[in-house]
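**Q** To start, I am sharing the structure in question, which I have written as structure tokens.
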Amino acid sequence: MSQAERIRVLVAEDNLADAELNVRELERAGLAVEHRIADTEQKFARELGEFAPDVILSDFTMPKFDGMAALALALERAPDTPFIFVSGTIGEEYAIRALKNGATDYVLKDNLLRLPAAVERALQEARDRAARRETERALETTRERLASIFHSLPDVVWSVTLPARQLIYVSPAVAQVYGRTPEEALAKPDFWVDAIHPEDRERVLSEWPGPLDDKIFDTEYRIVRPDGAVRWINVRRRIFLNSAGVPERADGLVRDITGAVRQRERLARLGRIRDLLGAANSAFMRIREKRELFVEFCRIAVARGGFVLARVVELHRSGKLSVAATTKDLSGAFGAIVEEYNRDPGSARSLLAHALRSGQVAVSNDMRGDRRVSERAKLTAVGNYSLVILPVRVESAVVGAAMLRAGEPGFFDQEELALLSEMVANLEFALELEAKQAKLNFLALYDPLTELPNRTLFQDRLTQALEASRRSAKMLALIVFDIERFKAINDALGQRAGDQVLRTVADRMRAVVGDVNRVARLGGNMFAVMYPAIQDAADAARILEESGAEIVGRPLQVEGRELNISSKAGIALFPEDGADADALFRNAEAALKRAKETRERFLFYAAHINARVAEQVDLESRLRRAVERRELFLHFQPKVDLATRRIVGIEALMRWVGPNNLMMSPARFVPVLEETGMILEAGRQVFEMADAVYREWEARGLNPPRIAVNVSALQLRQRSFVNDVRAALGGPDNGVDLEITESLLMDDVEESIRKLRALRDTGMRIALDDFGTGHSSLAYLSRLPIDTIKIDRSFVHGMIEKAGDTSIVTAIISLAQALRLSVVAEGVESEEQARLLRLLRCDQMQGYLFSPPVPKDKFEGLLRVA
């Protein structure tokens, strides 16, 4: 103890001399002493408080104050102050009891030399105890602070032994992070392994325990809490080695970083969406075609935006919905949603229908649990996801919607929706530009009232058509017409009625012509139409008659009134009336002007064509009346057996008395019947007449052979051909056969065979006419349901002078015999031809040598002679 250090000594002694002896002994030992003496309990108690001694010396036995009482009082008031008994009489039993009760030491009065050492030792022990208590208090404070810190930390503090991985400590935060109490965690030390997400488990366990040194190692992975919640955690750990360098313990922290990971993912998503926004804007600036815009929007959304599916649906003017673009094939569930909307848009219950009707963005961050979503069980069959539907507007009208699907629920927040809405706004801007450009293009090339091509576009299309006609060497007709008395309609009923007339005429033109590129409104009440690949002027006139009847020949309903309109037309033909579009237009309009001046319904530009077409139109008109009045009749030409010269067959030939009561050649009027389609009715009448004549001759006992009737290509092409023939003949016992040209069969061989076989099954015989002049294939000949081959008159006429024709006739006869068919030679006019045919073993002949075609009464004379 330092010499300068003073100690405060409280002496409990009733003998003042003994008390002074104690103090002097201490001073003599070199101690600096400040002392107080108390001989009563009251004074002792007061001095304990006021003097605050460093050490207490007390007699054991005092008349007024007992030493044990002083010890008890000292322990109560100053428990850390050393208490030494200094007494002359204290037995061993009392000494032990005193020490047990808290006395520090005892010194006998007859051995005071021990007192200074006892005091110094007691003071040192007191100081040591005080230091220990201070250290303990500091440690406890530290423990309490650490416990407080651990309790307040959101991170889990843990410690495990190695290599056993025995968990020896885990902080209370384990409840918030892992969903387990510290007690549950300590009871199941491997709980943290079980909690690792299955997709991350292999990686995490392969990393454990990490570097075997004192470096800090951290990793991130997912865990699954007992309640099923998935959380992201960051684990930081450090390995502690023992003196031998062997891993002994691992301590670390577990931090729940779910929020940070989600924020990181959100920032990444926002970065992708911003990247998507930039890429989409670039595409919107580059692309001007609507369909391509939609396709590129979907492609970029998946490739750059990280969405698993992108679709654009388009709402048409009709109110119907269709899928304009998609990155995946349509599912049955989504197809059902589109069908539901198209059935009744107003009552459709899907989220898409709601977005289209309201024009508001629709978001579902939990498709599986969203009650607004129809078909949600089917839509989420492969997993839950998020969906956003962004309506697309053009000029304030909803024209569709963009649909984006994220691969997980809870994807979309307000910032992402703001960026996506901005992207859709840019898409809308691009669509508006496209619509405006399309409108400008439309106004530049189309008539806004009728939506037909205008003169500019039509002239371009006409130029292209003329080039095609020039390459194919085909004729083209340009017809320009206007509506008569149109100004009177406008004046009487108003412009709105006049506009309706023009629109109706335009609609009829589209329906009749079929191709909108071949029609136009030239301005005012003038229209144009072109017909490529026509045969001749008569063909053009016939087309004009037929189409005009449909376009202006029928009454129109205008504002509740029925109107009858008419037109005047001018026709120019390529190449005769102009080599280019300008020339053709000028000449067609000139023809229209002349038609209006002369009050003709239509005129061709070339005068000589008008005369010819007028004659053709007149012929068609007369023929139509002749067919309607059943003025066509038959002549008959016999087929004669070459050996016996007996009539074995008859061919019925159509005849007509034309204008001026002159017989017109069939070569003149039959093509007109075929071109106009009147041959269908005329052919039916021929069948009826042939059947009636045969039945009449048979009834009169003339024993007529069967009568053959020629069939045209148009008749055979009719689906109802077989039924039409049966209906015209009235029954199986009709005595009428068919003659078919070989070129007619080649249009549709299989179908022709089917039809002819059906008629042959009824008893009819079939002859193949003009054999050798067509394009038939010998491969089909054996399959054709025919009975006779007729050799064309061109070979018969040439066989006397041309060896080649003789060879052809010989070959035809040999082929027919091989196929067990009979052979008829047409156009036999001389005995020399007949003798040669007989030598070649031909069966029959037909021609002027025996008889030309004759009327019914004259043929009856031939039958009587026979």
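The numbers here are math on the coordinates, done by the rules we state, and not lab data. The model shown is predicted, which means the values in this text are computed figures rather than measured ones. Neighbour counts are summed over all protein chains in view; Cβ atoms, including those assigned to glycine, are modelled from backbone coordinates with ideal geometry.
**Q** In the chain, how does Rg compare with the Kirkwood Rh, expressed as the Rg/Rh ratio over alpha carbon atoms?
**A** Values: Rg = 60.7 Å, Rh = 41.3 Å.
For the chain, the value is 1.47.
**Q** Would you tally the net charge around Tyr169, using a Cβ to Cβ cut-off of less than 11 Å, leaving Tyr169 out, and scoring K and R as +1, D and E as -1? Walk me through the numbers before you get to the answer.
**A** Numbers: positive: Arg249; negative: Asp251.
Charge balance near Tyr169 sits at 0.
**Q** A 29 angstrom limit on the alpha carbon distance is what I want to check against. Which of Lys802/Lys858; Lys320/Lys378; Lys320/Lys487 exceed it?
**A** Details: Lys802/Lys858 36 Å; Lys320/Lys378 23 Å; Lys320/Lys487 39 Å.
Correct reply: Lys802/Lys858; Lys320/Lys487.
**Q** Moving on. Taking Lys100 as the anchor, which lysines have their alpha carbon closer than 24 Å to its alpha carbon, excluding any fewer than eight residues away along the same chain?
**A** Output for Lys100: Lys64, Lys109.
**Q** Restricting attention to segment 792-831, which trypsin sites (Lys or Arg not before Pro) occupy a DSSP loop and are surrounded by at most 13 other Cβ atoms within 10 Å? Working shown, then result.
**A** Numbers: sites: Arg793, Lys802, Arg820; in loops: Lys802, Arg820.
Passing sites in segment 792-831 are Lys802, Arg820.
**Q** Picking from Trp656, Phe307, Ser159, whose Cα lies most toward the positive end of the charge dipole for the chain (charges on Cβ: Lys, Arg +1; Asp, Glu -1)?
**A** Sorting the options by dipole projection puts first Trp656.
**Q** Something else: Would you mind telling me the antiparallel percentage of the DSSP bridges in the chain, rounded to 5?
**A** Values: 87 of 129 bridges.
Among the beta bridges of the chain, antiparallel pairing accounts for roughly 65 percent.
**Q** What number in nm² do you get for segment 485-643 if you take the convex hull of its Cα atoms and divide its surface by four? Each step should come with its number before you reach the end.
**A** Numbers: hull surface 57.9 nm².
Across all orientations, segment 485-643 yields a mean hull projection of 14.5 nm².
**Q** With a Förster radius of 35 Å, plug the Cβ-Cβ distance of Arg203 and Glu422 into 1/(1 + (r/R0)^6) and report the FRET value to the nearest 0.05. Each step should come with its number before you reach the end.
**A** Working: r = 39 Å, r/R0 = 1.10.
The computed FRET efficiency comes out at 0.35.
**Q** Calculated from DSSP H runs of 4 or more alone, at -39500 (n - 2.57) each and per residue, what is the 222 nm mean residue ellipticity of the chain, nearest 500? Before the final figure, lay out each step's value.
**A** Details: 32 runs with 413 residues, N = 866.
The helix contribution divided over the chain gives -15000 deg cm²/dmol.
**Q** Using all alpha carbons of segment 153-256, what is the percent of pairwise distances in each 5 Å bin, ordered from the shortest bin to the longest?
**A** Reading upward from the zero bin: 2, 13, 23, 27, 20, 9, 3, 1, 0.
**Q** Moving to a separate point now. Can you classify segment 6-133 as rounded, prolate or oblate using the Cα gyration tensor, where a ≥ b ≥ c are the square roots of its eigenvalues, rounded means a/c under 1.5, and otherwise it's prolate if a/b beats b/c and oblate if not? Intermediate values should be presented prior to the final figure.
**A** Details: a/c = 1.14, a/b = 1.06, b/c = 1.07.
Taking the square roots of the gyration eigenvalues as a ≥ b ≥ c, segment 6-133 is rounded.
**Q** Let me ask another. Given the alpha-carbon gyration tensor of segment 630-865, what are the semi-axes of its equivalent ellipsoid in whole angstrom, ordered largest first, with each equal to the square root of 5 times an eigenvalue? Write down the numbers at each step before the final one.
**A** Details: eigenvalues 136, 101, 66 Å².
Whole-Å semi-axes of the equivalent ellipsoid: 26, 22, 18.
**Q** Sort 532-540, 411-419, 79-87 by the packing proxy (mean of other Cβ within 10 Å over each peptide's residues), most packed first. List each step's numbers first, then the result.
**A** Working: 532-540: 17.9, 411-419: 15.7, 79-87: 20.9.
Ranking, from highest mean packing down: 79-87, 532-540, 411-419.
**Q** Under a point-charge model restricted to the Cβ atoms of Lys and Arg (+1) and Asp and Glu (-1), what is the dipole moment magnitude of segment 661-706 relative to its Cα centre, in debye to the nearest 20? Before the final figure, lay out the partial values.
**A** Details: 5 positive and 7 negative charges, 35 e Å.
Computed charge dipole of segment 661-706: roughly 160 debye.
**Q** Dipole of segment 6-133 (Lys/Arg Cβ +1, Asp/Glu Cβ -1, origin at the Cα centre): which of Leu31, Asn15, Leu113 lies farthest to the positive side?
**A** Of the options given, the answer is Leu31.
**Q** What shape does segment 526-594 have by the C-alpha gyration tensor, where a ≥ b ≥ c are the square roots of the eigenvalues, rounded means a/c under 1.5, and otherwise prolate means a/b greater than b/c and oblate the rest?
**A** prolate
**Q** Considering the convex hull of the alpha carbon atoms of segment 269-442, report its projected area averaged over all viewing directions, in nm², one decimal.
**A** Details: hull surface 37.9 nm².
Here the figure is 9.5 nm², rounded to one decimal.
**Q** Follow-up. Ala45 versus Glu134, label points 7 Å from Cα toward the beta carbon: distance in nm?
**A** 3.2
**Q** Would you mind classifying segment 19-64 by shape? Square roots of the alpha carbon gyration tensor eigenvalues, ordered a ≥ b ≥ c; an a/c under 1.5 is rounded, otherwise it is prolate if a/b is larger than b/c and oblate if not.
**A** On the way: a/c = 2.86, a/b = 1.42, b/c = 2.01.
Oblate, since a/c reaches 1.5 and b/c is not below a/b.
**Q** Only Cα pairs under 8 Å and at least 6 apart count here; give the relative contact order of the chain as a rounded whole percent. Write down the numbers at each step before the final one.
**A** Details: 1377 pairs, mean separation 41.6, N = 866.
Result for the chain is 5 percent.
**Q** Give me the percent relative contact order of segment 517-588, please, defined on Cα pairs under 8 angstrom at least 6 residues apart.
**A** On the way: 49 pairs, mean separation 10.6, N = 72.
Once divided by the residue count of segment 517-588, the mean separation gives 15 percent.
**Q** Along the charge dipole of the chain, which of Met689, Gln833, Leu48 sits closest to the positive end, that is, farthest toward it, with unit charges on the beta carbon of Lys, Arg, Asp and Glu (+1, +1, -1, -1)?
**A** Result: Gln833, furthest along the dipole toward the positive end.
**Q** Return a whole-number percent for the relative contact order of segment 269-442, with Cα pairs under 8 Å and 6 or more residues apart as the contact set.
**A** On the way: 281 pairs, mean separation 41.1, N = 174.
Normalised by residue count, the contact order of segment 269-442 is 24 percent.
**Q** In addition: Tally Lys and Arg at +1 and Asp and Glu at -1 over the other residues with C-beta under 9 Å from the C-beta of Val823: what net charge comes out?
**A** Values: positive: Lys790, Arg841; negative: Asp843.
Local net charge: +1.
**Q** With +1 on the Cβ of every Lys and Arg and -1 on the Cβ of every Asp and Glu, and nothing else charged, how large is the dipole of segment 630-865 about its Cα centre, in debye rounded to the nearest 20?
**A** Dipole magnitude for segment 630-865 comes out near 500 debye.
**Q** Tell me the net charge near Arg554. Cut-off is 13 Å between Cβ atoms, Arg554 excluded, with +1 for each Lys or Arg and -1 for each Asp or Glu.
**A** Numbers: positive: Arg508; negative: Asp507, Glu546, Glu550, Glu562.
For residues surrounding Arg554, the net value is -3.
**Q** Turning to a different aspect of this structure: Under a Cβ-only charge scheme (Lys and Arg +1, Asp and Glu -1), can you give me the dipole magnitude of the chain about the Cα centre, in debye to the nearest 20?
**A** Numbers: 120 positive and 128 negative charges, 702 e Å.
Value, rounded to 20: 3380 debye.
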